[in-house]
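A.B. asks: Mind looking over this structure? Questions follow.
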Amino acid sequence: MTVPTRTRGAIAATGLTKRYGETAVVDDVSIELPAGGVVSVIGPNGAGKSTFLSMVARLLPMDAGRVVVDGDDVATAPGDVMARRLGILRQDNHLAVRLTVRELVTFGRYPHSKGRTTAEDRRHVEDALDYLDLTDLGGRFLDELSGGQRQRAFVAMVLAQDTDYVLLDEPLNNLDMVHARGMMRLARRAADELGRTVVAVLHDINFAAAWSDRIVAMKDGRVAASGTPAEIMRPAVLGEIFDMDVAVHQIDGRPVALYYT
Amino acid sequence: MSVDVHPLDAARGTSATPGAGDSTERALRRRARLVVAGLTVLALAATAVYLTVDVRAGWEFTLPFRGRRVAAMVVVGVAIATSTVVFQTLTTNRILTPSILGFDSLYQLLQTSLVFVLGSYALASVGVVEQFGVAVALMVAASLALFLGLFGGGRRSLHLVLLVGVVLGTLLRSATALMQRMMDPSEFQVLQSRLFASFTGVDERLLAASAVVVLVCCTLLWTMRRRLDVVALGRETAVALGVNHRRTSLLVLVVVAVLVSVSTALVGPITFFGLLVANLAYVLLGSHRHALTLPVAALLAVVTLVGGQALLEHLLGMETVLSVVIEFLGGIVFIALLVAGGRR
């Protein structure tokens, strides 16, 4: 199977910094995430993962540094151009308005059609709904759904946006085992079949190890480690990142971290 | 940029059937058509009743006289309804009205200081056009200063704008109260009649000017209706979908400032009215699309104002108390919303 090579660029952050008062939440981060594949961002709470992702997605202004996506600075590139290139799923998905699932997902097409929904938009919307197993729930209102269904609806919106880069801020929130695995499988398929670049903030390092091509570990606002799952999933590296002892076992040829007891 | 491989098509050889299963949407659309048609009929009926019932002074006097009032109610109603809807969209909050920015307080301060400084007798000799011009200019200038000062700089918090508006409003109200206490009681009575919203005795030239301004503002908002739908999802989502949220916010705030200033300077402050019709529009439609909420809220405003005035003035024989009734109803809706919000 030929992988569509729709992405050739990269997300490149240089000297990226965000401060709240004296505390640097993201502290002079320089990293390049090449296009293609699934990248997981891991690290303890408060490491700056979400803040980093928010700055890449233009949701948060940076105090210093810049982010370049496919050659364009996100701070200066036109908003709609970036919105066709990069989509983000946020952690907080509270809405003040009452929408059906299909209405929400259709908003994902706004960067393309500016609200005048075309037949192609509808096809993308139905595809995204189907991809997330939501077709039957399309007509339901979001406030009638469970947390996991809501989460999937928002992911469907990001998918319908049809961007080269898909940023997911803790996509496994609110998901049970079945849907968490489904979500990661979906990220994998989006990368493999559609040639998209998926960057996901994850808390479960085993999910990160099982599904990603690359893991970026953050700690105290800096990149603590970056490499393939095999390079990161080592007791010494994980212990350094999380400040706790983490045993790593090879189970069925996969590294699995045991940190429950 | 578009994908050629569609997961569905590739994997299962089927194609999604667009429109399948969106019966909810169809139902909403049918409901919207019904609401718009019903309200249009009601608005026309209310206007007809207001113009024609209980005519005593002869048609050639009554029609222009009442026609002017109806026009004033339509202009003000549309201005307040649309400004409230888009203001709530911008703040993603259903219980806010633009009056939170202190428009009413500024208007009251202006009127109070005019009466206080010039005296009601001297004030009567100042032309209405001049008074109107000063009031509008002052309110628009003050709000522009507030928005640009807080929004134009490095800080970009809408909540900061709202908070400063609340604080300034309190300050202005206190100054107003101070002057009112020191005022001659008979002067105070003159002032009080100026501070109640009233549709009687609206100057024709002002009405025409206001109508043009409101029309321009509404046209602008109408062209932005799809973008406003996205803005209603909140700042982050709107930015992620490519909307220039800062520029849109600023534009909407300026339009709101103009609309509220014009309507307040024309008839006086109406605080809760916008809240009433905006929320009624959301409930009736079950949708937040601005292509629907803007016209429906405006129609509701016309129905409420003209219908209410017809009822009170011609059927119950009362004069100029409509604003009091509307404020009362609006206040009740406000409390109901607070209670409902608290329960959730």
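A.B. asks: When the residues of the range A:116-149 are narrowed to those that are within 10 Å of chain B (Cβ to nearest Cβ) and over 23 Å from residue A:163 (Cα atoms), which ends up most open to solvent (accessible area, probe 1.4 Å)?
C.D. replies: This residue is A:136.
A.B. asks: Something else about it: Which one of these does residue A:78 not meet: (1) more than 7 Å from chain B (Cβ to nearest Cβ); (2) over 26 Å from residue A:187 (Cα atoms); (3) surrounded by 14 or more Cβ atoms within 10 Å (Cβ to Cβ)?
C.D. replies: (3)
A.B. asks: For residues in the range A:147-201 being of a type in the set (Asp, Glu) and part of a loop (DSSP other than H, G, I, E, B), which is nearest to residue A:108 (Cα to Cα)?
C.D. replies: A:162
A.B. asks: Might you let me know whether the range B:314-324 holds any residue that is assigned to a helix (DSSP H, G or I), open to solvent by 20 Å² or more (accessible area, probe 1.4 Å) and in contact with a Leu (Cβ under 7 Å, 6 or more places away or on another chain)?
C.D. replies: No, the range B:314-324 contains no residue that is assigned to a helix (DSSP H, G or I), open to solvent by 20 Å² or more (accessible area, probe 1.4 Å) and in contact with a Leu (Cβ under 7 Å, 6 or more places away or on another chain).
A.B. asks: Of the residues in the range A:94-114, how many are within 15 Å of residue A:139 (Cα to Cα) and more than 8 Å from chain B (Cβ to nearest Cβ)?
C.D. replies: 4
A.B. asks: Would you check which residues across the range B:170-209 are assigned to a loop (DSSP other than H, G, I, E, B) and either of a type in the set (A, V, I, L, M, F, W, C) or within 13 Å of residue B:266 (Cβ to Cβ) (or both) and list them?
C.D. replies: Once the filter is applied, which keeps residues that are assigned to a loop (DSSP other than H, G, I, E, B) and either of a type in the set (A, V, I, L, M, F, W, C) or within 13 Å of residue B:266 (Cβ to Cβ) (or both), the range B:170-209 yields B:183, B:196, B:197, B:198, B:199, B:200, B:201, B:202, B:203.
A.B. asks: Out of A:7, A:2, I need the residue that is open to solvent by less than 30 Å² (accessible area, probe 1.4 Å), at negative phi, at pLDDT below 85 and among the β-branched types (Val, Ile, Thr). Which one?
C.D. replies: Result: A:7 is the single residue among A:7, A:2 that is open to solvent by less than 30 Å² (accessible area, probe 1.4 Å), at negative phi, at pLDDT below 85 and among the β-branched types (Val, Ile, Thr).
A.B. asks: Of everything in the range B:34-65, what is in a helix (DSSP H, G or I) and over 23 Å from the mean Cα position of the chain (by Cα)? Give them in sequence order.
C.D. replies: Within the range B:34-65, B:34, B:48, B:49, B:51, B:52, B:59, B:60, B:61, B:62, B:63, B:64, B:65 qualify.
A.B. asks: Given the options A:89, A:53, A:59, name the one that is within 26 Å of residue B:90 (Cβ to Cβ), at the interface with chain B (Cβ under 8 Å from one of its Cβ atoms) and not aromatic (Phe, Trp, Tyr).
C.D. replies: Working: A:89 fails: at the interface with chain B (Cβ under 8 Å from one of its Cβ atoms); A:53 fails: at the interface with chain B (Cβ under 8 Å from one of its Cβ atoms).
Exactly one residue qualifies, and that residue is A:59.
A.B. asks: Could you tell me whether residue A:195 is under 16 Å from residue B:237 (Cβ atoms) and within 13 Å of chain B (Cβ to nearest Cβ)?
C.D. replies: Taking the combined requirement at face value, the residue does not satisfy it.
A.B. asks: Quick check on residue B:28: is it assigned to a helix (DSSP H, G or I), without any contact (Cβ under 8 Å) to a residue 40 or more places away in the chain and farther than 24 Å from residue B:142 by Cβ?
C.D. replies: Numbers: assigned to a helix (DSSP H, G or I): yes; without any contact (Cβ under 8 Å) to a residue 40 or more places away in the chain: no; farther than 24 Å from residue B:142 by Cβ: yes.
It is false that residue B:28 is assigned to a helix (DSSP H, G or I), without any contact (Cβ under 8 Å) to a residue 40 or more places away in the chain and farther than 24 Å from residue B:142 by Cβ.
A.B. asks: Give all pairs with beta carbons closer than 6 Å in which a residue from the range B:240-252 that is within 13 Å of chain A (Cβ to nearest Cβ) meets a residue that is assigned to a helix (DSSP H, G or I) and of a type in the set (D, E, K, R); count only pairs at least 6 apart in sequence or on separate chains.
C.D. replies: Sorted first by the residue in the range B:240-252, then by its partner, the pairs are B:242/A:80; B:243/B:227; B:245/B:235.
A.B. asks: Go through the residues of the range A:160-170 one by one and say whether even a single one is away from every other protein chain (no Cβ under 14 Å) and not charged (D, E, K, R).
C.D. replies: Checked the range A:160-170: no residue is away from every other protein chain (no Cβ under 14 Å) and not charged (D, E, K, R).
A.B. asks: Evaluate the range B:261-281: report whether one residue or more is over 12 Å from the mean Cα position of the chain (by Cα), open to solvent by less than 50 Å² (accessible area, probe 1.4 Å), among the β-branched types (Val, Ile, Thr) and closer than 26 Å to residue B:165 by Cα.
C.D. replies: yes
A.B. asks: Related question: Among the residues of the range B:144-183, count how many are among the aromatic types (Phe, Trp, Tyr) and either at pLDDT below 75 or exposed (fewer than 13 other Cβ atoms within 10 Å of the Cβ) (or both).
C.D. replies: Final tally of qualifying residues: 1.
The values are calculated or read from the model by the stated rules, or taken from the named source; none is laboratory data. Computed from a predicted structure; not experimentally measured. Cβ atoms come from the backbone with ideal geometry, glycine included; neighbour counts cover every protein chain shown. Just so you know, the surface numbers come from the protein's heavy atoms only, side chains and all, with ligands and any DNA or RNA stripped out. Shrake-Rupley method; radii C 1.70, N 1.55, O 1.52, S 1.80 Å.
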